[in-house]
Amino acid sequence: MNKIKELFVKYKEIILYIIFGVLTTLVNWAVYWVLARIFSAQMENGDLFFSLFGMEITVSMFTIFIANFVAWVAGVAFAFVTNKIWVFESKSWKPSVALKEFWLFVAARLITGVLEWFGVPLLVAIGLNQPLFGAEGFVAKLVVSVIVVILNYVFSKLIIFKDKKEKPEKSE
């Protein structure tokens, strides 16, 4: 039992990062599911909503986009709070510190989001389109997901939450 406790203490940050990462994914999926259910009446409507660059956007596609976007925002907000408090133990909630961390966190997640949005199709296009679990190109999705998780951890550890404890105020 002591060995397990020792390992947990040694790898606490990484273990908590993985646990809260799984929970973040569940928050994202749950919010998406709820919104998709709420929008289900509109999603059944295949009417043209608008046309963008020659692509027809239907009501169904638009509501899926909105549900997915709101789910992403909820996931990022959940991840920020859990990463700040429990994973990286950043103590300061001063607005200047917390807002800086928040905007850096969102910027990092946008960067890795873009990597994911474009990385998977790129890997598939260069030949990493092997199916896994019955889904074409899922190997590319897994490769990019691993890279994204690692980059999110590195950004959080080295840039966003690098100053874990609030610095004492200078007295005059």
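Here are the numbers for the structure shown:
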{"read-out": "Gain in span if fully extended, W29 to K100, counting 0.36 nm per residue against the direct Cα distance", "value": "22.8 nm"}
{"read-out": "Cross-link table K10/K141; K91/K162; K84/K141; K5/K157, entries beyond 20 Å C-alpha to C-alpha", "value": "K10/K141; K84/K141; K5/K157"}
{"read-out": "Segment L132-W93, extension gain: residue separation times 0.36 nm, minus the distance between their alpha carbons", "value": "9.7 nm"}
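Values quoted throughout were computed directly from the atomic coordinates according to the rules given, and no laboratory measurement underlies them. These figures come from a predicted structure and were not determined experimentally.
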